[in-house]
Amino acid sequence: MKILMVCLGNICRSPLAEGILRNQAENKGLKLTVDSAGTASYHIGEPPHKDSIRVAGEHGIDITGLRARQFKAEDFDSFDRIYVMDTSNYSDVIRLANNENQRNKVRLILNEIHPGKDESVPDPWYGGYDGYIQVFDLLNTACNNLLEQLPAKSSTI
Ligand code: 4NP
C-alpha cells in the first residue's frame, strides 16, 4: 500500500502527515510506503517549516530529512491513495487526473475523522505555533483512523 499526502507548499501540513503516518505504521508493524508533495512549486527542495519540525519532534517524530517536491500526474500511478489537506488541494489534484480510477484515489484527509463533511486542515502557515499543534492533533487522529480502516491485507504486503 502506497499513500501520498498532499498540501499546497509541502512544508507545513503534508510533511507532518507523512511523518505521523509513517511513525504510526512502524509502531503497528505495518508495511506502508508514505510520501508527501505540494501542489505548488514555491518551496521545492526545502525542509519542513521549523514549527512542523518542532511539533513532530515533541512527539518523537523526526521529519528533518524530508524535502519538498511538487505533485505530478505520475503520482496517480505510483500511489494507491492520495490524501489532500484541503478543498483547494483537492481541486488542484483532481484537475490533473485522467480517469475515474485516478479520481477515486483522491480523498480529503479529514473525512477520516468526519466522513462526508469535506472539512479542510487549516493552513498554519500564516499563524503561530498553536496552529501547528492543532494541525498535529488533527492529523494524528486522521492517520490513526485511516490505519484502522485499511483493508487487512493491504498493509502487510
Ligand atoms: P502547507 O503550508 O501547504 O501546509 O505547506 C503553506 C506553505 C507555504 C505557503 C502556503 C501554505 N506559501 O504561500 O508559501
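Scanning segment 93-129 for residues that are touching a Cys at 6+ places or on another chain (Cβ under 6 Å) and open to solvent by less than 20 Å² (accessible area, probe 1.4 Å) yields a total of 1.
Being away from the ligand (no atom under 16 Å from the Cβ) and part of a helix (DSSP H, G or I): is that true of F136 here? No; evaluated as a whole, the condition is false for this residue.
Residues that are of a type in the set (G, A, S), more than 22 Å from T87 (Cα to Cα) and surrounded by 12 or more Cβ atoms within 10 Å (Cβ to Cβ) are absent from segment 130-137 altogether. Residue pairs whose Cβ atoms lie under 8 Å apart, separated by 6 or more positions or on different chains, with the first residue in segment 37-51 and at pLDDT 95 or above and hydroxyl-bearing (S, T, Y) and the second within 10 Å of the ligand (Cβ to nearest atom) and assigned to a loop (DSSP other than H, G, I, E, B), are T39/L8; Y42/G9.
Pairs are defined by a Cβ separation below 6 Å, a sequence spacing of at least 6 or placement on different chains, a first member in segment 112-130 that is more than 15 Å from Y90 (Cβ to Cβ), and a second member that is near the ligand (Cβ under 9 Å from one of its atoms); the pairs so defined are P124/C12; P124/V135; W125/C12. Do we have any residue at all in segment 40-48 that's among the polar types (S, T, N, Q), within 11 Å of the ligand (Cβ to nearest atom) and open to solvent by 40 Å² or more (accessible area, probe 1.4 Å)? For segment 40-48, residues among the polar types (S, T, N, Q), within 11 Å of the ligand (Cβ to nearest atom) and open to solvent by 40 Å² or more (accessible area, probe 1.4 Å): present. In this structure, G65 does not qualify as assigned to a loop (DSSP other than H, G, I, E, B), small (G, A, S) and on the phi > 0 side of the Ramachandran plot.
The values are calculated or read from the model by the stated rules, or taken from the named source; none is laboratory data. Worth saying up front: this structure is predicted, and the values here are computed from it rather than measured. As a convention, Cβ positions derive from the backbone with ideal geometry for all residues, glycine included, and neighbour counts pool all protein chains shown. Note: areas computed on protein heavy atoms with side chains; ligands, DNA, RNA excluded. Shrake-Rupley method; radii C 1.70, N 1.55, O 1.52, S 1.80 Å.
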